[in-house]
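Have a look at the structure below, then the notes.
Just so it is clear, none of the values below were taken in a lab; they were calculated from the coordinates. Note that the coordinates shown come from a computational prediction; the quantities given were computed from them, not determined experimentally. Note: ideal-geometry Cβ built from the backbone for every residue, glycine included; neighbour counts use all protein chains shown.
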Amino acid sequence: MDTETIKLALKTVKFPGFSRDIISFGLVREVETTDGNVLVGVEITTGDPSVPEKIAADIKQVVGALNGVKDVKVRMEISQPKQQPGAPGAAGEGKLQASTTMQKVKYAIAVASGKGGVGKSTVTVNLACALQKILEERGKAGVGIMDCDIYGPSVPLMLGAAGRPEIENDLILPVENFGVKTMSMGFLVDDDTPVVWRGPMIMKTIQQFAQNVNWGELEILVVDLPPGTGDAQLSLVQTIPLDGAVIVTTPQPAAYNVARRGARMFEKVNVPLLGVVENMSYLETPDGERQALFGEGGGTMTAKSLETPLLGQVPIDIAIREGCDNGIPIVISDPESAATEVFTLVAQQILDALSKK
Ligand code: ADP
């Protein structure tokens, strides 16, 4: 009996009242097995005592039914949801409360980078458009972007999603362009908002985005994280139920250490890595020669050391930057470009990986 088989069985245990399972919620913290004796460690935030009881009983039932299992013990760590100050009775923070307006979101993935300026938002927006095109062809529900890059919320500009979100039945409606729905701090603050206010606003805002935004039915929600691997990012990835993470890096070999820190953050919270996207990999001259302006190997080294695929290498292209500035991502404006081909390939690999989950 190996831990992978046990985890697979645990994927059939749903969180009471939700369509998602305890593994994809990231609640299973440990699985140990010795001579047919299995120990499952679970950590949950809930104020309802019947929830841990039901989960423990379900775990015992599905794991106990596996061949070769003699005994199943469940170790539960339960924490109470925190009340939001000034809002008695309001839903507390925590992964499970966050998911109530995200119930019809099938998959959520994060796009992260160790530092700013590597093209994380550019990759997020183009990837979302590529995913949207593929899903539309397959007749599936759409794509959303949750722009959590509170220090530089550039998604609305890059996606050409102008205007202010409307409110309907006390829920915020995301703004849509090219079939991609987006919600961003950029809609709510203007460029003059002091950056020092933004730090403390991160968790509050993200909770708002998860709890009070009517995402509707989405096949996939792409979460653009703030750059870096600090506490704010960690709290964020704990708040949103993520199915996977994509790391964006540049080709400099030194970028690899920074990217690895990001990956470790996801490991801590049990979010699987889907792969690495190397951005600004090369510049192609008019006679077809590829120049490695920012060095070589960063993406390959990062992917190899994290044992995750290198999903693609995005070229440096003025049209990518212009697309960002004009609000028409290159995947939309130039479907034949080399960059569009890479983003489409990355999108396909992500959908494949998610469908095998
Ligand atoms: P981050 O989100 O990591 O801070 P951005 O996505 O905002 O980075 O990108 C920073 C700048 O670099 C933007 O002006 C963007 O248009 C440009 N850029 C990103 N990737 C490319 C690329 N492959 N080719 C040309 N310009 C790019």
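Filter region 17-32 down to residues that are over 21 Å from residue 107 (Cβ atoms) and without any contact (Cβ under 8 Å) to a residue 60 or more places away in the chain, then give me how many there are. Looking only at that region, the number is 3. Determine whether region 280-299 contains at least one residue that is under 17 Å from residue 123 (Cα atoms), in a helix (DSSP H, G or I) and in contact (Cβ under 8 Å) with a residue 40 or more places away in the chain. The answer is yes, given that some residue of region 280-299 is under 17 Å from residue 123 (Cα atoms), in a helix (DSSP H, G or I) and in contact (Cβ under 8 Å) with a residue 40 or more places away in the chain. Residues that are free of Cβ contacts under 8 Å to residues at least 24 places away in the same chain and farther than 30 Å from residue 163 by Cβ were ranked within region 333-357; the one that is nearest to the ligand (Cβ to nearest atom) is 341.
Counting the residues of region 292-312 that are touching a Phe, Trp or Tyr at 6+ places or on another chain (Cβ under 6 Å) and of a type in the set (S, T, N, Q) gives 1. Against the test of being buried (at least 16 other Cβ atoms within 10 Å of the Cβ), touching a Gly at 6+ places or on another chain (Cβ under 6 Å) and not in a helix (DSSP H, G or I), the options 40, 31, 69 yield a single qualifying residue, 69. Taking every residue in region 33-55 that is of a type outside the set (A, V, I, L, M) and pairing it with any residue that is assigned to a helix (DSSP H, G or I) and crowded, with 19+ Cβ neighbours inside 10 Å, at least 6 positions away or on another chain, the pairs with Cβ-Cβ distances below 7 Å are 33/6; 45/95; 45/96; 46/96. For region 116-158, name all the residues that are under 18 Å from residue 322 (Cα atoms) and of a type in the set (D, E, K, R). Within region 116-158, just 120 meets the criteria.
Against the conditions (1) farther than 16 Å from residue 132 by Cα; (2) within 14 Å of the ligand (Cβ to nearest atom), residue 289 satisfies every one except (2). Of all residue pairs spaced 6 or more apart or on separate chains, those with beta-carbon atoms under 7 Å, a first member in region 105-125 that is touching a residue at least 12 places away in the same chain (Cβ under 8 Å) and more than 10 Å from residue 246 (Cα to Cα) and a second member that is among the charged types (D, E, K, R) and part of a helix (DSSP H, G or I) are 114/261. Among residues of region 204-237 being surrounded by fewer than 18 Cβ atoms within 10 Å (Cβ to Cβ) and of a type in the set (Gly, Ala, Ser), the one that is nearest to residue 101 (Cα to Cα) is 216.
Looking only at residues in region 127-154 that are within 15 Å of the chain's Cα centre (by Cα) and either more than 16 Å from the ligand (Cβ to nearest atom) or not in a strand (DSSP E or B) (or both), the one that is surrounded by the fewest Cβ atoms within 10 Å (Cβ to Cβ) is 149.
Residues checked against (1) within 13 Å of the ligand (Cβ to nearest atom); (2) over 26 Å from residue 244 (Cβ atoms):
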{"position": "269", "(1), (2)": "no, no"}
{"position": "275", "(1), (2)": "no, no"}
{"position": "284", "(1), (2)": "yes, yes"}
{"position": "321", "(1), (2)": "yes, yes"}
{"position": "327", "(1), (2)": "yes, yes"}
{"position": "331", "(1), (2)": "yes, no"}
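The C-beta contact set for region 175-187 (first residue within 10 Å of residue 146 (Cβ to Cβ), second residue in a strand (DSSP E or B) and of a type in the set (D, E, K, R), distance under 6 angstrom, 6+ apart or interchain) comprises 184/147.
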